[in-house]
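**Q** Quick one: the structure is below, and I'll ask about it shortly.
Read-outs throughout are calculated quantities, based only on the coordinates presented, and are distinct from any laboratory measurement. Keep in mind the model is a prediction, meaning the values are calculated, not measured. With ideal geometry, Cβ positions are generated from the backbone for all residues, glycine too; neighbour counts draw on all protein chains shown.
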Amino acid sequence: MTQLTRIRDAKDHVNETVTIGAWLTDKRSSGKIAFLQLRDGSAFFQGVVVKNAVSEDTFALAKSLRQETSMLITGEIHEDSRSHFGYEIEVKDIKVLGESEDYPITPKEHGIEFLLDHRHLWLRSKRQFAIQQIRNRMIQATYQFFDQEGFIKMDAPILTGTAPEGTTELFETDYFDTPAYLSQSGQLYAEAGAMAYGKVYTFGPVFRAEKSKTRRHLTEFWMIEPEMAFMHQAESLEVQERYIAFLVQAVIDHCEYELHLLDRDVDQLRKYTKLPYPRISYDQAIDMLQKANFEVKWGDDFGSPEETYLSDQFEQPVFVLNYPKSIKPFYMLPDPDRDDVYVCADLLAPEGYGEIIGGSEREVDYDKLQAEMEKKGLDQSAYQWYLDLRQYGSVPHAGFGLGLERAITWICHLDHLRETIPFPRMLNRLRP
Ligand code: 4AD
Ligand code: MG
């Protein structure tokens, strides 16, 4: 099967006879012509089978094909000005590889639980294809961006003995008779990496036992966590906005077809490539929310409605700076000018999507960090290695974490992040 042509490459084969490997997604036929909707994993297009142009057997076969039958199709590629894709194949021969009967996901509408139960098949649909292609592009762009900015990718462990983002959302497992946790964040390891190699990023799955059923929470998601030595928060914010603009631009440049399949407004996306992004303080955010009659007071954390409201007020992603200490983790650097907030920021995505990045400058002083850990009741013996980083050549450093699925949800303009990961893990969902 080495000589197969990919549908995506149809433009390079106009008026040539080629063979493609494809599945049938839908079909329409009359006495004289059959239209086969085809997909091969690279794109979707139409196969036209004209009765007079093929053998009787081939025409009969075309008319009998069922949804998701797999086959080798030989035919001639033509331009097709009626479809957005722009090409179709005039079928000459069909060889069935795998029959398919009673495919459960028909072109009609299905409920979300049904679709999630059939996720292994649902992935084949046009919309899911588009989302996964965009996910892939954002992953590739991530490697490219950090490589060109002089970072190295450093893999953090997934089985850990420490819990950087708080102990309430931990998945615990048994590790040869001692408790271990599935990593909630690679950050502490990234900090060790930054002290070793200057600029690093981790990119891996992280786990949070989120009991909340929201459109923004998975229990397993992928996070990109850059960490930079000799860097203060202001400069980290610049890295963050450059990175986000780069991701958006990469999707615009490489995923025109997928954005069209999702009906995504590309002009809207283009606005997010303009820098800088606005910055407001947590104090200002509280003010804005109170003026809009939200029942929040200084010191409260923001939930989805608050973040949605705030992000809706801006045309671009917006940084909310310097949150109260009580609602953020122990490792952040306190604001040198006031003792109630950290030097930190969340980046809220526009169009009501809320937080996609959380980050901060880190505490660099051994004694202060130790005191902070004590205050938050952390077991110091588990963190001695982390304190060591302040013992041996501590330097100002900052970092952040982007939730990949949150970013995809926003860039694809989806209602819920469950479609952005191939096999979502949520409360009540561990299969397929
Ligand atoms: O704000 P968070 O908790 O920050 C950290 O984990 C830091 N250690 C990052 C760092 O400074 N290195 O999480 C970072 C991002 C959030 O902004 C959000 O995009 C995503 O991770 N996130 C989730 N995504 C999906 N499901 C969940 N349950 C998520 N929780 C956080
Ligand atoms: Mg956060």
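**Q** Find how much the distance from Ser30 to Phe171 grows on full extension, using 0.36 nm per residue of separation minus their present alpha carbon separation; answer in nm with one decimal.
**A** 45.1 nm
**Q** Still on this structure, I have one more. Please report how far the C-alpha centroid of region 228-278 lies from that of region 192-223, rounded to the nearest whole angstrom.
**A** For region 228-278 versus region 192-223, the Cα centre distance is 20 Å.
**Q** Rounded to the nearest 0.05, what FRET efficiency is calculated for Tyr366 and His110 with R0 set to 51 Å and r the Cβ-Cβ distance?
**A** That pair, Tyr366 with His110, gives E of 0.35.
**Q** Given +1 on the Cβ of Lys and Arg, -1 on the Cβ of Asp and Glu, and no further charges, what dipole in debye does the chain carry about its Cα centre, rounded to the nearest 20?
**A** So the dipole magnitude of the chain works out to roughly 1340 debye.
**Q** Another one. Let me have the relative contact order for the chain, percent, based on Cα pairs under 8 Å that are six or more residues apart.
**A** 13
**Q** Turning to a different aspect of this structure: Measure up Lys199/Lys376; Lys108/Lys213; Lys328/Lys375 against 19 Å on the Cα-Cα distance and list the ones that go over.
**A** Those over the limit are Lys199/Lys376; Lys108/Lys213.
**Q** Given R₀ = 25 Å, what would the calculated FRET efficiency be for Gln290 paired with Glu315, taking r from the Cβ atoms and rounding to 0.05?
**A** Efficiency at R0 = 25 Å is approximately 0.65.
**Q** Okay, next question. Can you find, among Thr160, His120, Gln380, the residue farthest towards the positive end of the dipole of the chain? Put +1 on the C-beta of Lys and Arg, -1 on that of Asp and Glu.
**A** Going by the charge dipole, the pick is His120.
**Q** List the residues of region 342-374 whose backbone N lies under 19 Å from a point placed 7 Å from the Cα of Val395 along the Cα-to-Cβ direction.
**A** 360-366
**Q** For the chain, take the longest principal axis of its alpha carbons; what is the angle in degrees between that and the long axis of helix 366-375, to the nearest 10 within 0 to 90?
**A** Between helix and principal axis, roughly 80 degrees.
**Q** Output the antiparallel fraction of DSSP beta bridges having both residues in the chain, as a percent to the nearest 5.
**A** Among the beta bridges of the chain, antiparallel pairing accounts for roughly 85 percent.
**Q** Between Gln290, Gln46, Gln133, find the one with the highest GNM mean-square fluctuation for the chain; connect C-alpha pairs within less than 10 Å.
**A** Looking only at Gln290, Gln46, Gln133, the largest GNM fluctuation is found for Gln290.
**Q** Taking 0.36 nm per intervening residue step and subtracting the Cα-Cα distance, what contour gain separates Thr178 from Ala234 on full extension?
**A** 16.1 nm
**Q** If you don't mind, another one. Within region 52-81, find all residues whose amide N lies under 18 Å from a label point positioned 7 Å from the Cα of Lys126 along Cα-to-beta-carbon.
**A** 67-69, 80-81
**Q** In Å, the Kirkwood hydrodynamic radius of the chain over pairs of distinct alpha carbons?
**A** Taking every pair of different Cα atoms in the chain, averaging 1/r and inverting gives 24.3 Å.
**Q** What does the extension gain come out to for Ser212 and Leu427, with contour length at 0.36 nm per residue minus their alpha carbon separation?
**A** Net length gain for the segment: 76.7 nm.
**Q** I'd like the FRET efficiency for Ala196 and Arg82, computed as 1/(1 + (r/R0)^6) with the beta carbon distance as r and R0 of 56 Å, rounded to 0.05.
**A** 0.45
**Q** What do you get for Rg/Rh of region 7-98 when both radii come from the Cα atoms and Rh is the Kirkwood radius?
**A** Result for region 7-98 is an Rg/Rh of 0.92.
**Q** Could you tell me the distance between the Cα centroids of region 98-147 and region 1-64, to the nearest Å?
**A** Here the two parts' Cα centres lie 22 Å apart.
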